[in-house]
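Notes follow once the structure below has been shown.
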Amino acid sequence: MSESSTTLPAAPLDEPSTRRTLLRVGLGAAAAGYGAALAYPVYRYLATPVERAAEAGAVTQISIPKTDEPPAGSALMLQFGARPAMLIHHADGSLVCFDAVCTHLGCTVQFEPDQKRIFCACHSGVYDMRTGQVVGGPPPRSLGVYHVEATDGDIIISRV
Ligand code: FES
């Protein structure tokens, strides 16, 4: 009897090692991805105050078209960098803009024209609608005030 001249090629000696290596690399990549997925929210949570401060500090001026000016006796909520701001157009035609973050615990304040006040609903903080000074409630300081300048086409709001 003669043996067949065609034989199957022998498997390379290092095949099991290659599979093991491939499995290790795959598991390592999966572990790294899982770790990154867990770490990213923690990083964002810890980095957010710093990023907010940096972003808020970076913006020194915004402008809106005059056509977006709120009607007299009303307010327009804006974003000044990362912070909410409130542009109030008073009935006498004057414009004032405040940082809309309550100085107590950071809730966003609202303009209440019927009550002639700026109100924080979180703990009933009350601010003067013309100056932003504290009128009642727990806020320790007045609202931040922005400089407002109306030009022909725009309303420019900038840090004081
Ligand atoms: S957060 Fe505004 S009164 Fe407390």
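No value in this document is a laboratory result; all are computed from the given coordinates. Because the structure is a prediction, the values reported are computed rather than measured. Every residue, glycine as well, gets a Cβ built from its backbone with ideal geometry; the counts of neighbours run over all protein chains shown.
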| message | Every residue in the stretch 128-145 that is within 16 Å of the ligand (Cβ to nearest atom) and within 16 Å of His89 (Cα to Cα), please. | response | Asp128, Met129, Gly132
| remark: Given (1) near the ligand (Cβ under 9 Å from one of its atoms); (2) in contact with a Cys (Cβ under 7 Å, 6 or more places away or on another chain); (3) part of a strand (DSSP E or B), Val148 misses just (1)
| Test for Phe111: is it among the aromatic types (Phe, Trp, Tyr), closer than 19 Å to Ile64 by Cβ and part of a strand (DSSP E or B) | yes
| Residue, farthest from the ligand (Cβ to nearest atom), within the stretch 92-105, restricted to residues that are part of a loop (DSSP other than H, G, I, E, B) and out of contact with any His (no Cβ under 9 Å at 6 or more places or on another chain) | Gly93
| query | Does the stretch 126-133 include one or more residues that are touching a helix residue (DSSP H, G or I) at 6+ places or on another chain (Cβ under 8 Å) and part of a strand (DSSP E or B)? | reply | no
| field | Output for the stretch 134-145, where each listed residue is under 19 Å from Leu76 (Cβ atoms) and outside any strand (DSSP E or B) | value | Leu143, Gly144
| remark: Selection from the stretch 106-126 of residues near the ligand (Cβ under 10 Å from one of its atoms) and farther than 15 Å from Leu87 by Cβ yields Gly106, Cys107, Phe119, Cys120, Ala121, Cys122, His123, Ser124, Gly125, Val126
